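This report refers to the structure that appears directly beneath it.
The values are calculated or read from the model by the stated rules, or taken from the named source; none is laboratory data. Computed from a prediction, not measured in an experiment: that's the story for all the values here. Ideal geometry is used to build each Cβ from the backbone, glycine not excepted, and the neighbour counts take in all protein chains shown. These area figures cover heavy atoms from the full protein model, side chains too; ligands, DNA and RNA do not enter into them. Shrake-Rupley method; radii C 1.70, N 1.55, O 1.52, S 1.80 Å.
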Amino acid sequence: IHRLNFAYLPIDPTMPINVIEHIINDSHPIAIITNLNSNDIKFESLIKNLNIKLIQINSYDLKKLESNIFEETEKVFDYDYNSFSNACILYTSGSTGLPKGVCLSHRAIMNRLNWHWHEFKFNNDKENKLRRGAFKTSLNFADHIAEIFAFILTR
């Protein structure tokens, strides 16, 4: 998703269906990528009604998939990609009862990751380098970003 200069929007499939439907209606995604089977997707009719591309990664060659998405979207979008571009959209619980989207830029995420790498001694020194990570936070919370990317982006 990031290689294609898109923002990702994590949706926890265990959230109530009305919350998922609100997030999809509010965000207008161009595609939903999932590893769920069609019969496990409770909001499939909404996806069809809004003409959203459903990509089930269990059935795709990921390199071919990336190429196809890029070709399709390149014709539609004019990219103005920079460090202030959106990298992730998280939906908060919302004080009104309806979740609200919060956009996180690449710059904000890199700032958080740089702090993480420094604070937890991520470096190229073999003695001090952390070699394992834990992914424990729900995708609905911002901390999941550091839990995923802090480890994949270290050398």
Only listed residue being surrounded by 12 or more Cβ atoms within 10 Å (Cβ to Cβ), of a type outside the set (S, T, N, Q) and at pLDDT 80 or above, chosen from I23, I17: I23
Residue check for N111: at pLDDT 90 or above, closer than 17 Å to A142 by Cα and either open to solvent by 50 Å² or more (accessible area, probe 1.4 Å) or touching an Asp or Glu at 6+ places or on another chain (Cβ under 6 Å) (or both): yes
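Residues of the stretch 26-44 being in a loop (DSSP other than H, G, I, E, B), of a type in the set (A, V, I, L, M, F, W, C) and open to solvent by 60 Å² or more (accessible area, probe 1.4 Å), which ones?
Of the residues in the stretch 26-44, the ones in a loop (DSSP other than H, G, I, E, B) are 28-30, 35-37, 41-43.
This time we only want the ones that are of a type in the set (A, V, I, L, M, F, W, C), so: 30, 36, 41, 43.
Within the stretch 26-44, I30 is the sole residue that qualifies.
With respect to N140, determine if the residue is modelled with pLDDT under 85 and within 17 Å of L9 (Cα to Cα).
Values: modelled with pLDDT under 85: yes; within 17 Å of L9 (Cα to Cα): yes.
Yes: the conditions hold for N140.
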For I52: the one exception among (1) modelled with pLDDT of 85 or more; (2) out of contact with any helix residue (DSSP H, G or I) (no Cβ under 9 Å at 6 or more places or on another chain): (2)
